[in-house]
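Written below as C-alpha coordinates is the structure these notes are about.
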Amino acid sequence: MAKVIDGQKLAQALRGDLLARAGAIDGRRGAAPGLAVILVGDDAASAVYVRNKIRACDAVGIRSVCHRFPSSVSNADLLDLIARLNADSEIDGILVQLPLPAHIALDQVLEAISVAKDVDGFHLYNVGGLVTGNTVFSPCTPYGVVKLLESEDIAIDGQNVVVVGASNIVGKPMALMLMARGATVAICHAKTRDLAQFTILADILVVAAGVPGLIIPQMVKTGAVVIDVGINRLPDGRITGDVDFNGVSAKASRITPVPGGVGPMTVTMLLENTIASAERALSRGERVAENSASERLF
Ligand code: NAD
(Lines give C-alpha, C1' and ligand atoms only; values in the text may rest on other atoms or scores of the structure.)
Protein backbone atom coordinates (compact mmCIF):
# COMPACT_ATOMS: atom_id res chain seq x y z
CA MET A 1 0.00 0.00 0.00
CA ALA A 2 1.38 3.42 -0.92
CA LYS A 3 2.48 5.88 1.72
CA VAL A 4 0.22 8.94 1.57
CA ILE A 5 2.21 12.18 1.25
CA ASP A 6 0.65 14.70 3.63
CA GLY A 7 0.79 18.08 1.88
CA GLN A 8 -1.19 19.74 4.64
CA LYS A 9 1.37 18.74 7.26
CA LEU A 10 4.34 19.88 5.17
CA ALA A 11 2.59 23.16 4.32
CA GLN A 12 1.96 23.76 8.03
CA ALA A 13 5.62 23.12 8.89
CA LEU A 14 6.85 25.42 6.12
CA ARG A 15 4.43 28.15 7.21
CA GLY A 16 6.01 28.06 10.70
CA ASP A 17 9.39 28.97 9.13
CA LEU A 18 7.75 31.60 6.93
CA LEU A 19 6.19 33.28 9.97
CA ALA A 20 9.66 33.60 11.53
CA ARG A 21 11.16 34.98 8.30
CA ALA A 22 8.34 37.52 7.87
CA GLY A 23 8.89 38.67 11.48
CA ALA A 24 12.62 39.10 10.82
CA ILE A 25 11.91 41.23 7.73
CA ASP A 26 9.48 43.40 9.68
CA GLY A 27 12.14 43.83 12.39
CA ARG A 28 14.88 44.82 9.92
CA ARG A 29 12.98 47.25 7.73
CA GLY A 30 10.00 48.28 9.86
CA ALA A 31 7.51 46.91 7.33
CA ALA A 32 6.15 43.38 6.93
CA PRO A 33 6.44 41.66 3.52
CA GLY A 34 3.65 42.99 1.29
CA LEU A 35 1.54 41.21 -1.33
CA ALA A 36 -0.84 43.06 -3.68
CA VAL A 37 -3.64 40.97 -5.16
CA ILE A 38 -5.64 42.21 -8.15
CA LEU A 39 -9.09 40.69 -8.56
CA VAL A 40 -11.20 41.56 -11.61
CA GLY A 41 -14.91 40.70 -11.98
CA ASP A 42 -17.12 38.52 -9.82
CA ASP A 43 -16.05 34.97 -10.66
CA ALA A 44 -17.03 32.97 -7.55
CA ALA A 45 -14.08 30.55 -7.70
CA SER A 46 -11.58 33.43 -8.09
CA ALA A 47 -13.09 35.17 -5.06
CA VAL A 48 -12.64 31.99 -2.99
CA TYR A 49 -9.01 31.56 -4.13
CA VAL A 50 -8.23 35.19 -3.30
CA ARG A 51 -9.87 34.90 0.12
CA ASN A 52 -7.76 31.80 0.88
CA LYS A 53 -4.57 33.53 -0.22
CA ILE A 54 -5.31 36.58 1.94
CA ARG A 55 -6.07 34.38 4.93
CA ALA A 56 -2.82 32.47 4.41
CA CYS A 57 -0.89 35.76 4.21
CA ASP A 58 -2.40 36.92 7.52
CA ALA A 59 -1.37 33.67 9.20
CA VAL A 60 2.35 34.11 8.36
CA GLY A 61 2.63 37.88 8.85
CA ILE A 62 2.45 39.03 5.22
CA ARG A 63 0.49 42.26 4.76
CA SER A 64 -1.87 41.77 1.82
CA VAL A 65 -3.78 44.43 -0.07
CA CYS A 66 -6.60 43.39 -2.40
CA HIS A 67 -7.48 45.68 -5.35
CA ARG A 68 -10.92 44.81 -6.72
CA PHE A 69 -12.20 45.94 -10.11
CA PRO A 70 -15.49 45.39 -11.96
CA SER A 71 -15.17 43.21 -15.08
CA SER A 72 -15.60 46.39 -17.18
CA VAL A 73 -12.18 47.71 -16.02
CA SER A 74 -9.92 48.95 -18.82
CA ASN A 75 -6.49 47.64 -19.70
CA ALA A 76 -5.08 51.10 -19.01
CA ASP A 77 -6.47 51.19 -15.46
CA LEU A 78 -4.90 47.83 -14.65
CA LEU A 79 -1.55 48.84 -16.15
CA ASP A 80 -1.66 52.09 -14.19
CA LEU A 81 -2.22 50.25 -10.90
CA ILE A 82 0.57 47.76 -11.68
CA ALA A 83 2.99 50.65 -12.39
CA ARG A 84 2.17 52.15 -8.99
CA LEU A 85 2.60 48.80 -7.23
CA ASN A 86 5.93 48.23 -9.03
CA ALA A 87 7.18 51.52 -7.57
CA ASP A 88 5.85 50.88 -4.04
CA SER A 89 8.76 49.79 -1.81
CA GLU A 90 6.38 48.13 0.67
CA ILE A 91 4.93 45.80 -1.97
CA ASP A 92 7.12 42.73 -2.58
CA GLY A 93 4.75 40.66 -4.67
CA ILE A 94 2.03 41.40 -7.23
CA LEU A 95 -0.50 38.76 -8.17
CA VAL A 96 -3.22 39.09 -10.79
CA GLN A 97 -5.90 36.48 -10.13
CA LEU A 98 -6.70 34.64 -13.38
CA PRO A 99 -8.78 34.35 -15.46
CA LEU A 100 -9.18 37.95 -16.62
CA PRO A 101 -12.12 39.11 -18.80
CA ALA A 102 -11.57 38.53 -22.52
CA HIS A 103 -11.17 42.24 -23.39
CA ILE A 104 -8.07 42.55 -21.19
CA ALA A 105 -4.72 41.91 -22.90
CA LEU A 106 -3.44 39.22 -20.53
CA ASP A 107 0.12 39.25 -21.95
CA GLN A 108 0.43 43.01 -21.49
CA VAL A 109 -0.82 42.81 -17.92
CA LEU A 110 1.53 39.96 -16.94
CA GLU A 111 4.52 41.63 -18.58
CA ALA A 112 3.82 44.94 -16.87
CA ILE A 113 4.54 43.33 -13.49
CA SER A 114 8.12 43.92 -12.35
CA VAL A 115 10.11 40.68 -12.75
CA ALA A 116 11.33 41.19 -9.17
CA LYS A 117 7.71 41.17 -7.85
CA ASP A 118 6.22 38.49 -10.12
CA VAL A 119 5.47 36.01 -7.31
CA ASP A 120 3.22 33.86 -9.53
CA GLY A 121 6.12 33.42 -11.97
CA PHE A 122 3.97 34.16 -15.05
CA HIS A 123 6.06 37.03 -16.53
CA LEU A 124 7.81 36.00 -19.76
CA TYR A 125 11.24 36.57 -18.15
CA ASN A 126 10.43 34.12 -15.37
CA VAL A 127 8.89 31.65 -17.83
CA GLY A 128 12.01 31.86 -20.02
CA GLY A 129 14.17 31.55 -16.93
CA LEU A 130 12.72 28.09 -16.35
CA VAL A 131 14.33 27.05 -19.64
CA THR A 132 17.72 28.67 -19.01
CA GLY A 133 17.87 28.00 -15.26
CA ASN A 134 17.81 31.58 -13.96
CA THR A 135 14.21 32.22 -13.15
CA VAL A 136 13.54 34.62 -10.25
CA PHE A 137 10.24 33.02 -9.18
CA SER A 138 9.05 29.49 -9.92
CA PRO A 139 5.30 29.12 -10.47
CA CYS A 140 3.65 28.06 -7.22
CA THR A 141 2.00 24.73 -8.07
CA PRO A 142 4.99 22.98 -9.68
CA TYR A 143 7.28 24.54 -7.07
CA GLY A 144 5.03 22.99 -4.40
CA VAL A 145 5.33 19.59 -6.09
CA VAL A 146 9.14 19.85 -6.09
CA LYS A 147 9.07 20.70 -2.36
CA LEU A 148 6.80 17.70 -1.69
CA LEU A 149 9.20 15.36 -3.52
CA GLU A 150 12.21 16.85 -1.71
CA SER A 151 10.53 16.56 1.68
CA GLU A 152 10.03 12.83 1.05
CA ASP A 153 13.66 12.42 -0.11
CA ILE A 154 12.40 11.17 -3.47
CA ALA A 155 15.28 11.12 -5.97
CA ILE A 156 14.55 13.10 -9.16
CA ASP A 157 17.96 12.89 -10.82
CA GLY A 158 17.98 10.18 -13.50
CA GLN A 159 14.34 9.19 -12.89
CA ASN A 160 11.72 8.74 -15.59
CA VAL A 161 9.03 11.36 -15.07
CA VAL A 162 5.75 11.59 -16.95
CA VAL A 163 3.73 14.78 -16.65
CA VAL A 164 0.11 14.47 -17.77
CA GLY A 165 -1.13 17.96 -18.69
CA ALA A 166 0.74 20.64 -20.62
CA SER A 167 -0.73 23.94 -19.41
CA ASN A 168 1.41 27.04 -19.00
CA ILE A 169 0.78 27.22 -15.27
CA VAL A 170 1.24 23.57 -14.26
CA GLY A 171 2.29 20.95 -16.82
CA LYS A 172 4.96 22.80 -18.85
CA PRO A 173 6.76 24.47 -15.92
CA MET A 174 6.55 21.20 -13.97
CA ALA A 175 8.31 19.35 -16.80
CA LEU A 176 11.03 22.01 -17.05
CA MET A 177 11.65 22.10 -13.30
CA LEU A 178 12.01 18.33 -13.07
CA MET A 179 14.22 18.21 -16.18
CA ALA A 180 16.44 20.87 -14.57
CA ARG A 181 16.82 18.47 -11.64
CA GLY A 182 18.07 15.67 -13.89
CA ALA A 183 14.87 13.75 -14.72
CA THR A 184 14.02 12.34 -18.14
CA VAL A 185 10.64 13.89 -18.79
CA ALA A 186 7.75 13.06 -21.13
CA ILE A 187 4.82 15.48 -21.36
CA CYS A 188 1.40 14.11 -22.29
CA HIS A 189 -1.74 16.08 -23.07
CA ALA A 190 -5.26 15.71 -24.43
CA LYS A 191 -3.99 14.74 -27.91
CA THR A 192 -1.58 12.07 -26.67
CA ARG A 193 -2.44 8.71 -28.24
CA ASP A 194 -2.56 5.79 -25.78
CA LEU A 195 -1.69 7.68 -22.59
CA ALA A 196 -1.03 4.43 -20.71
CA GLN A 197 2.00 3.51 -22.83
CA PHE A 198 3.71 6.62 -21.41
CA THR A 199 2.42 6.62 -17.83
CA ILE A 200 3.41 2.98 -17.26
CA LEU A 201 7.09 3.95 -17.69
CA ALA A 202 7.02 6.64 -15.01
CA ASP A 203 9.04 6.38 -11.80
CA ILE A 204 7.34 9.66 -10.89
CA LEU A 205 3.93 10.40 -12.40
CA VAL A 206 2.57 13.94 -12.08
CA VAL A 207 -1.04 14.33 -13.20
CA ALA A 208 -2.55 17.76 -13.91
CA ALA A 209 -5.29 17.23 -16.49
CA GLY A 210 -8.48 18.15 -14.66
CA VAL A 211 -10.14 14.80 -15.53
CA PRO A 212 -11.46 12.80 -12.56
CA GLY A 213 -10.46 9.13 -12.58
CA LEU A 214 -8.11 9.57 -15.58
CA ILE A 215 -5.33 7.48 -14.05
CA ILE A 216 -6.28 3.91 -13.15
CA PRO A 217 -4.00 1.22 -11.62
CA GLN A 218 -3.25 -0.47 -14.98
CA MET A 219 -1.56 2.76 -16.12
CA VAL A 220 0.86 2.93 -13.20
CA LYS A 221 4.16 1.09 -12.70
CA THR A 222 4.45 -0.87 -9.44
CA GLY A 223 6.34 1.27 -6.91
CA ALA A 224 5.85 4.57 -8.77
CA VAL A 225 5.46 7.89 -6.97
CA VAL A 226 2.13 9.46 -8.00
CA ILE A 227 1.46 13.18 -7.58
CA ASP A 228 -2.14 14.21 -8.23
CA VAL A 229 -2.46 17.93 -9.01
CA GLY A 230 -6.04 17.72 -10.30
CA ILE A 231 -8.89 19.40 -8.45
CA ASN A 232 -12.34 18.38 -9.69
CA ARG A 233 -15.74 18.96 -8.15
CA LEU A 234 -18.02 15.93 -8.58
CA PRO A 235 -21.79 16.35 -9.11
CA ASP A 236 -22.37 15.40 -5.44
CA GLY A 237 -20.10 18.29 -4.37
CA ARG A 238 -17.09 16.19 -3.35
CA ILE A 239 -13.60 17.29 -4.44
CA THR A 240 -11.46 14.69 -6.18
CA GLY A 241 -8.22 14.52 -8.12
CA ASP A 242 -7.35 12.98 -11.50
CA VAL A 243 -6.15 9.67 -10.05
CA ASP A 244 -8.21 6.68 -8.86
CA PHE A 245 -6.74 7.09 -5.38
CA ASN A 246 -7.84 3.77 -3.84
CA GLY A 247 -6.91 1.65 -6.85
CA VAL A 248 -3.57 3.33 -7.54
CA SER A 249 -2.62 3.32 -3.82
CA ALA A 250 -2.38 -0.46 -4.04
CA LYS A 251 0.38 -0.19 -6.69
CA ALA A 252 2.26 3.04 -6.02
CA SER A 253 4.96 3.50 -3.37
CA ARG A 254 3.83 7.02 -2.57
CA ILE A 255 0.78 9.06 -3.52
CA THR A 256 -0.69 12.49 -2.78
CA PRO A 257 -4.36 12.75 -1.73
CA VAL A 258 -6.89 15.28 -3.03
CA PRO A 259 -7.64 17.33 -1.04
CA GLY A 260 -4.64 17.64 1.28
CA GLY A 261 -1.78 16.99 -1.17
CA VAL A 262 -0.58 19.56 -3.69
CA GLY A 263 -3.32 22.14 -2.96
CA PRO A 264 -2.02 23.42 0.41
CA MET A 265 1.51 23.55 -1.04
CA THR A 266 0.48 25.89 -3.89
CA VAL A 267 -0.58 28.68 -1.53
CA THR A 268 2.44 28.04 0.68
CA MET A 269 4.80 28.60 -2.26
CA LEU A 270 3.08 31.92 -2.99
CA LEU A 271 3.91 32.92 0.60
CA GLU A 272 7.47 31.62 0.14
CA ASN A 273 7.93 33.61 -3.08
CA THR A 274 6.62 36.80 -1.44
CA ILE A 275 8.91 36.47 1.57
CA ALA A 276 11.92 35.57 -0.63
CA SER A 277 11.16 38.70 -2.67
CA ALA A 278 11.12 40.87 0.46
CA GLU A 279 14.42 39.33 1.63
CA ARG A 280 16.03 40.09 -1.75
CA ALA A 281 14.69 43.67 -1.71
CA LEU A 282 16.05 44.11 1.80
CA SER A 283 19.53 42.87 0.96
CA ARG A 284 19.58 45.04 -2.21
CA GLY A 285 18.66 48.04 -0.01
CA GLU A 286 21.35 47.19 2.53
CA ARG A 287 23.99 46.81 -0.22
CA VAL A 288 23.04 50.23 -1.63
CA ALA A 289 23.27 51.74 1.88
CA GLU A 290 26.70 50.12 2.46
CA ASN A 291 28.01 51.38 -0.91
CA SER A 292 26.93 54.93 -0.26
CA ALA A 293 28.47 54.79 3.25
CA SER A 294 31.80 53.59 1.82
CA GLU A 295 31.65 56.28 -0.89
CA ARG A 296 31.37 58.85 1.89
CA LEU A 297 34.45 57.33 3.60
CA PHE A 298 36.73 57.55 0.55
P1 NAD B 1 -5.74 23.25 -18.12
O2 NAD B 1 -7.16 22.93 -18.45
O3 NAD B 1 -5.17 24.57 -18.45
O4 NAD B 1 -4.81 22.14 -18.77
C5 NAD B 1 -5.14 20.78 -18.73
C6 NAD B 1 -4.09 19.99 -19.48
O7 NAD B 1 -4.44 18.61 -19.39
C8 NAD B 1 -4.03 20.34 -20.97
O9 NAD B 1 -2.67 20.36 -21.39
C10 NAD B 1 -4.79 19.20 -21.64
O11 NAD B 1 -4.29 18.92 -22.94
C12 NAD B 1 -4.48 18.04 -20.69
N13 NAD B 1 -5.54 17.03 -20.71
C14 NAD B 1 -6.89 17.21 -20.66
N15 NAD B 1 -7.53 16.03 -20.77
C16 NAD B 1 -6.58 15.08 -20.91
C17 NAD B 1 -6.61 13.68 -21.08
N18 NAD B 1 -7.77 13.01 -21.15
N19 NAD B 1 -5.44 13.01 -21.19
C20 NAD B 1 -4.27 13.69 -21.13
N21 NAD B 1 -4.17 15.02 -20.96
C22 NAD B 1 -5.32 15.71 -20.86
O23 NAD B 1 -5.64 22.95 -16.54
P24 NAD B 1 -4.52 23.41 -15.46
O25 NAD B 1 -4.76 24.81 -15.07
O26 NAD B 1 -3.18 22.95 -15.87
O27 NAD B 1 -5.01 22.50 -14.24
C28 NAD B 1 -5.04 21.09 -14.33
C29 NAD B 1 -5.71 20.52 -13.10
O30 NAD B 1 -4.97 20.89 -11.96
C31 NAD B 1 -7.13 21.06 -12.85
O32 NAD B 1 -7.88 20.06 -12.23
C33 NAD B 1 -6.90 22.20 -11.88
O34 NAD B 1 -8.02 22.46 -11.07
C35 NAD B 1 -5.77 21.63 -11.06
N36 NAD B 1 -4.92 22.63 -10.42
C37 NAD B 1 -4.59 22.37 -9.14
C38 NAD B 1 -3.77 23.25 -8.47
C39 NAD B 1 -3.40 22.93 -7.07
O40 NAD B 1 -2.99 23.79 -6.35
N41 NAD B 1 -3.51 21.66 -6.66
C42 NAD B 1 -3.27 24.39 -9.11
C43 NAD B 1 -3.59 24.61 -10.44
C44 NAD B 1 -4.42 23.70 -11.10
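The values are calculated or read from the model by the stated rules, or taken from the named source; none is laboratory data. The model shown is predicted, which means the values in this text are computed figures rather than measured ones. So basically every Cβ, Gly included, is an ideal-geometry build from the backbone, and we count neighbours across all protein chains shown. These accessible areas exclude ligands, DNA and RNA; they are computed on the full protein's heavy atoms, side chains included. Shrake-Rupley method; radii C 1.70, N 1.55, O 1.52, S 1.80 Å.
With both bridge residues required to lie in the chain, what share of the DSSP beta bridges run antiparallel, to the nearest 5%? Let's see the in-between values first.
Values: 2 of 31 bridges.
Antiparallel bridges: around 5 percent, rounded to the nearest 5.
Please state, to two decimals, what the Cα-based radius of gyration of region 91-148 comes to when divided by 2.2 N^0.38 Å (N = residues). Could the numbers behind the result be given before it?
On the way: Rg = 11.9 Å, N = 58, 2.2 N^0.38 = 10.3 Å.
Region 91-148 yields a ratio of 1.15.
Over the Cα atoms of region 140-262, how large are the radius of gyration and the largest Cα-Cα distance (Dmax), in Å?
13.0, 41
Let me see the pair-distance distribution of region 30-116: every alpha carbon pair, 5 Å bin width, integer percents in order.
P(r) over region 30-116, rounded to whole percents: 3, 14, 26, 24, 20, 10, 3, 0, 0.
Give me the 1.4 Å probe accessible area per residue for the chain, excluding ligands and nucleic acids, in Å².
Ligands and nucleic acids excluded, the result is 48 Å² per residue.
State the Kirkwood hydrodynamic radius of region 155-221 in Å, one decimal place, computed from all pairs of distinct Cα atoms.
Result for region 155-221 stands at 11.8 Å.
Which one of GLY213, VAL37, LEU178 is farthest out on the positive end of the charge dipole of the chain, using unit charges on Cβ (Lys, Arg +1; Asp, Glu -1) and the Cα centre as origin?
GLY213
What's the FRET efficiency of SER74 with VAL48 using the Cβ-Cβ distance as r and R₀ = 30 Å, to the nearest 0.05?
Details: r = 26 Å, r/R0 = 0.86.
It comes to 0.70.
Can you tell me which of LYS191, LYS53, LYS117 moves the most in a GNM of the chain? Springs connect C-alpha atoms under 10 Å apart.
Evaluated over the chain, the most mobile residue of the options is LYS191.
Rounded to two decimals, what is the ratio between the C-alpha radius of gyration of the chain and 2.2 N^0.38 Å?
1.06
With charges set only on the Cβ (+1 for Lys and Arg, -1 for Asp and Glu), what does the dipole of the chain come to about its Cα centre, in debye to the nearest 20? Write out the running numbers ahead of the final one.
Values: 27 positive and 30 negative charges, 72 e Å.
Here the chain has a charge dipole of around 340 debye.
Can you give me the relative contact order of region 176-238 as a percent, contacts being Cα pairs under 8 Å and 6 or more apart? Working shown, then result.
Working: 55 pairs, mean separation 19.3, N = 63.
In percent, rounded to a whole number, it is 31.
Sort 61-70, 250-259, 100-109 by packing, meaning the average of other beta carbons within 10 Å per residue, with the highest value first.
250-259, 61-70, 100-109
Any chance you could list the semi-axes, whole Å, largest first, of the equivalent ellipsoid that the Cα gyration tensor gives for region 25-71, using √(5λ)?
Working from the Cα gyration tensor, I get semi-axes of 25, 12, 4 Å.
Given contacts defined as C-alpha pairs under 8 Å and at least six residues apart, what's the relative contact order of the chain, whole-number percent? Walk me through the intermediate numbers first.
Numbers: 557 pairs, mean separation 63.8, N = 298.
In percent, rounded to a whole number, it is 21.
What number, in percent, do you get for the relative contact order of region 30-116 if the mean sequence gap of Cα pairs under 8 Å and at least 6 apart is divided by its residue count? Numbers along the way, then the final one.
Numbers: 110 pairs, mean separation 36.3, N = 87.
With pairs under 8 Å counted, the relative contact order is 42 percent.
Any idea what the alpha-carbon Rg over 2.2 N^0.38 Å comes to for region 1-150?
1.11
How many percent of the accessible area of the chain is carbon or sulfur, using a 1.4 Å probe?
Here it works out to 56 percent.
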